[in-house]
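Chemist: Would you mind keeping the following structure in view while I ask a few things?
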Amino acid sequence: MDVPLWLALIVVGCLGVKLVRPPWWLIAVLLLGGFLLADSVFAPLIDSAVK
């Protein structure tokens, strides 16, 4: 069974928010920070560290 990555991320994110109950500002900071890091000079460094 092939599940698209976007669907898996939405499901894991929704479960995490319901179970852990982090503050909304923390969720916004993590999303914005990830978006900004993906387009920064650190992107190749992060990509090599993840692989």
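Chemist: Based on the Cβ-Cβ distance from residue 14 to residue 50, what FRET efficiency comes out when R0 is 35 Å, to the nearest 0.05?
Modeler: Working: r = 23 Å, r/R0 = 0.66.
According to the calculation, E is roughly 0.90.
Chemist: Still on this structure, please answer the following. Based on DSSP H runs of at least 4 residues, each adding -39500 (n - 2.57), what is the mean residue ellipticity at 222 nm of the chain after dividing by all its residues, to the nearest 500 deg cm²/dmol? Spell out each step's value before the answer.
Modeler: Details: 3 runs with 39 residues, N = 51.
Mean residue ellipticity, 222 nm, calculated: -24000 deg cm²/dmol.
Chemist: Also: In the set (i) 15, 12, 10; (ii) 19, 14, 9; (iii) 23, 18, 9, which value of semi-axes √(5λ) of the Cα gyration tensor in Å was calculated from the structure you see?
Modeler: Given (i) 15, 12, 10; (ii) 19, 14, 9; (iii) 23, 18, 9, the structure-derived one carries the label (iii).
Chemist: Right, here's the next one. In nm, to one decimal, how far is the residue 41 label point from the residue 24 one, both placed 7 Å along Cα→Cβ?
Modeler: In this crude spin-label approximation the distance works out to 3.6 nm.
Chemist: Then there is this: Taking a probe of 1.4 Å, how large is the accessible area per residue of the chain, in Å²?
Modeler: On the way: 4880 Å² over 51 residues.
Averaged over the residues of the chain, the accessible area is 96 Å².
Chemist: Here is a further query. How large is ³J(HN,Hα), in whole Hz, for each residue of the range 2-11 in order, when computed from phi with the Karplus curve 6.51 cos²θ - 1.76 cosθ + 1.60 and θ = phi - 60°, using x for Gly and Pro?
Modeler: Working through the residues one at a time gives 9, 10, x, 4, 4, 5, 5, 5, 5, 5 Hz.
The values are calculated or read from the model by the stated rules, or taken from the named source; none is laboratory data. Since the structure is predicted, the reported quantities are computational estimates derived from the model, not experimental observations. Note: ideal-geometry Cβ built from the backbone for every residue, glycine included; neighbour counts use all protein chains shown. Ligands, DNA and RNA are stripped out before the accessible areas are found, and what is left, the full protein with its side chains, is counted by its heavy atoms. Shrake-Rupley method; radii C 1.70, N 1.55, O 1.52, S 1.80 Å.
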